[in-house]
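Colleague: Please see the structure below; I have some questions.
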Amino acid sequence: MKVLVVGKGGREHALAWKLAQSPLVKQVFVAPGNAGTEKVGKNVPISPTDVENLVRFAEEEKVDLTVVGPEDPLARGIVDAFRKRGLRIFGPTKRAAMLEASKVFAKNFMAKYGIPTARYGTFEDPEEAKAFAKSLGPKVVVKADGLAAGKGAFVCQSPEEALRVIDDLMVKGVLGEAGRRVVVEEYLEGEEASYMVMVDGTKFVPLPTSQDHKRLLEGDRGPNTGGMGAYSPTPVIDEETERRIKEEIIEPTLRGLAEEGIPYSGFLYAGLMLTKEGPKVLEFNVRLGDPEAQPILTRVESDLFEHLMDVLEGGIDRVRLKVSPRWALGVVIASKGYPHKPETGKVIEGLEEAERLPDVVVFHAGTKREGDKVVTAGGRVLTVVGLGDTLREAKERAYEGVSKIRFEGMYYRRDIGDKAFKYLK
Ligand code: AMP
Ligand code: GLY
């Protein structure tokens, strides 16, 4: 069987790495991939948003299964385009991808179906947005409606800051069209966690739990990023919390979408705040998380290719996901200047040394090959995953891997996973 993975990040390297392990898979293509994916498959120089050429490629190569990593192609309707040509693809349709592509849609949907989330208002008029922000109290969150590559949510510490953000988005238009409509919502206190499932309509298979580290600096300070590290499983989601997430969030979401005539298919990711009143949705993503996918997929022992085929062929009830009881922890190594203005083109050393370590897997993101060298090519460059029988051991393995790697200006957080220790004996 031939598989095409769409994307070029650490999540896509992990997907390609895992799918290539299936005895049923003969060839993995990655479009466009990075210097890591070319070791598990063949890179194809097509942009993830060039849907037309991806369709053509899949037809010409007779690709049996396409798996989409990032949200952009999904929001542009890659799944609809593939299905129209009878090509098998794992992911939600354009309409279902609205759950991530429009925060206004997502919030109104959650309100309609009683899915717990922060109190909110949606606005097209800046003065109304400001009045509502003032009424919510000192801390509020302002979110651009559209896709903004993780840069669209602003946690504001004061009413003045909220008013400034609303002006920036709605009047100055700093995020373009994405910020012309906004969601203003109440600030939620609690621990954040990520919960992902594989979906066919109203049926789903949970993936292992995880926790991301979204802020750039240690101690969860600094600007939001795409994610600086993640580990799996997370003790902040205990059995009872997981039951509530399924019953109060995942099930009503899938039922609601089906009722709206938008049956869901693919990976669904609920970004959660675990509050005193219970789990609440911060955001939905219509794909796997990055970097959460890296530790999660490292723990999956059964055949992901077989599972995705089963889900797509109406056989989700057959899926028996086998997950290692071990812990996995992934540390993101980023370029100097990330997330605003990352430097690129720096030679990376020590990759092979890191890869040779037992219980260490190195996933590439912003990397490319130049002759016999690998150089940096983006903000997030690598995710180094360590596996261990305890979280501490997984952390030690991951950071030992990180210690072998060098490039000019490399930056990583040293405290990935530390939030979990207080929940563990
Ligand atoms: P989002 O893009 O909606 O996931 O928001 C990005 C980040 O902002 C989240 O991961 C949280 O850390 C933070 N955030 C978003 N909404 C809220 C909220 N209502 N209360 C507290 N923090 C939030
Ligand atoms: N790590 C968060 C995300 O993928 O959106």
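The values are calculated or read from the model by the stated rules, or taken from the named source; none is laboratory data. It should be emphasised that the depicted structure is a prediction, and the values quoted were computed from it without experimental measurement. Cβ coordinates were reconstructed from backbone atoms using ideal geometry, including for glycine residues, and neighbour counts include every protein chain displayed.
Colleague: Please verify whether residue 105 is aromatic (Phe, Trp, Tyr), in contact with a strand residue (DSSP E or B) (Cβ under 9 Å, 6 or more places away or on another chain) and either without any contact (Cβ under 8 Å) to a residue 60 or more places away in the chain or surrounded by 22 or more Cβ atoms within 10 Å (Cβ to Cβ) (or both), treating the condition exactly as stated. Break it down stepwise before answering.
Modeller: Values: aromatic (Phe, Trp, Tyr): yes; in contact with a strand residue (DSSP E or B) (Cβ under 9 Å, 6 or more places away or on another chain): no; either without any contact (Cβ under 8 Å) to a residue 60 or more places away in the chain or surrounded by 22 or more Cβ atoms within 10 Å (Cβ to Cβ) (or both): yes.
No; evaluated as a whole, the condition is false for this residue.
Colleague: Taking the range 120-149 as the search range and keeping residues that are in contact with a strand residue (DSSP E or B) (Cβ under 7 Å, 6 or more places away or on another chain) and either loosely packed, with under 14 Cβ neighbours inside 10 Å or β-branched (Val, Ile, Thr) (or both), which one is farthest from residue 178 (Cα to Cα)?
Modeller: 140
Colleague: Between residues in the range 276-287 that are of a type in the set (Val, Ile, Thr) and residues that are part of a loop (DSSP other than H, G, I, E, B) and more than 8 Å from ligand 1 (Cβ to nearest atom), which pairs lie under 8 Å by C-beta distance while being six or more apart or on different chains?
Modeller: Pairs found: 281/115; 281/116; 286/91; 286/92; 286/96; 286/97.
Colleague: What is the number of the single condition among (1) at pLDDT below 90; (2) out of contact with any Gly (no Cβ under 9 Å at 6 or more places or on another chain); (3) of a type outside the set (A, V, I, L, M) that residue 159 does not meet?
Modeller: The single condition residue 159 does not satisfy is (2).
Colleague: Tell me yes or no: at least one residue of the range 319-327 is over 23 Å from residue 364 (Cβ atoms), out of contact with any strand residue (DSSP E or B) (no Cβ under 6 Å at 6 or more places or on another chain), free of Cβ contacts under 8 Å to residues at least 12 places away in the same chain and surrounded by fewer than 17 Cβ atoms within 10 Å (Cβ to Cβ).
Modeller: Yes, some residue in the range 319-327 is over 23 Å from residue 364 (Cβ atoms), out of contact with any strand residue (DSSP E or B) (no Cβ under 6 Å at 6 or more places or on another chain), free of Cβ contacts under 8 Å to residues at least 12 places away in the same chain and surrounded by fewer than 17 Cβ atoms within 10 Å (Cβ to Cβ).
Colleague: Please go through the range 195-232 and give me each residue that is aliphatic (A, V, I, L, M) and not in a strand (DSSP E or B), ordered by number.
Modeller: Those that are aliphatic (A, V, I, L, M) and not in a strand (DSSP E or B): 207, 228.
Colleague: Please find, within the range 154-188, the residue that is surrounded by the fewest Cβ atoms within 10 Å (Cβ to Cβ) out of those that are within 14 Å of residue 136 (Cα to Cα) and out of contact with any helix residue (DSSP H, G or I) (no Cβ under 6 Å at 6 or more places or on another chain).
Modeller: 160
Colleague: Here's a follow-up. In this structure, does residue 230 turn out to be out of contact with any Lys or Arg (no Cβ under 7 Å at 6 or more places or on another chain) and either at pLDDT below 95 or within 15 Å of ligand 1 (Cβ to nearest atom) (or both)?
Modeller: yes
Colleague: Take the residues in the range 397-425 that are charged (D, E, K, R) and under 24 Å from the mean Cα position of the chain (by Cα), then tell me which one is farthest from residue 354 (Cα to Cα).
Modeller: By that ranking, first place goes to 419.
Colleague: For the range 233-277, give me each residue that is of a type in the set (D, E, K, R), under 25 Å from residue 75 (Cα atoms) and in a loop (DSSP other than H, G, I, E, B).
Modeller: Scanning the range 233-277 gives a single hit, 260.
Colleague: Restricting to the range 43-69, name every residue that is more than 23 Å from the chain's Cα centre (by Cα) and not aromatic (Phe, Trp, Tyr).
Modeller: Step one: filter the range 43-69 for residues more than 23 Å from the chain's Cα centre (by Cα), giving 52-53, 55-64.
Within the range 43-69, 52, 53, 55, 56, 58, 59, 60, 61, 62, 63, 64 meet the criteria.
Colleague: Just to verify a result, which residue in the range 162-197, among those that are within 16 Å of ligand 2 (Cβ to nearest atom) and modelled with pLDDT of 90 or more, is farthest from residue 110 (Cα to Cα)?
Modeller: Within the range 162-197, the match that is farthest from residue 110 (Cα to Cα) is 191.
Colleague: Quick one: which residue in 351, 382 is over 20 Å from residue 219 (Cβ atoms) and within 21 Å of the chain's Cα centre (by Cα)? Show your work before the answer.
Modeller: Values: 351 fails: within 21 Å of the chain's Cα centre (by Cα).
Just one listed residue meets the conditions, 382.
Colleague: Here's a follow-up. Name every residue in the range 328-340 that is at pLDDT 95 or above and assigned to a loop (DSSP other than H, G, I, E, B), in order of residue number. Please lay out each step first, then the result.
Modeller: Taking the range 328-340 first, the residues at pLDDT 95 or above are 328-338.
Correct list: 335, 336, 337, 338.
Colleague: Let me ask another. Can you find even one residue in the range 111-122 that is over 29 Å from residue 14 (Cβ atoms), more than 16 Å from ligand 2 (Cβ to nearest atom), in a helix (DSSP H, G or I) and at pLDDT 95 or above?
Modeller: Yes, the range 111-122 contains at least one residue that is over 29 Å from residue 14 (Cβ atoms), more than 16 Å from ligand 2 (Cβ to nearest atom), in a helix (DSSP H, G or I) and at pLDDT 95 or above.
Colleague: Next question, about the same structure. Filter the range 189-208 down to the residues that are within 16 Å of ligand 1 (Cβ to nearest atom) and either crowded, with 22+ Cβ neighbours inside 10 Å or under 18 Å from the mean Cα position of the chain (by Cα) (or both) and list them by number.
Modeller: 191, 192, 193, 194, 195, 196 - these are the residues of the range 189-208 that are within 16 Å of ligand 1 (Cβ to nearest atom) and either crowded, with 22+ Cβ neighbours inside 10 Å or under 18 Å from the mean Cα position of the chain (by Cα) (or both).
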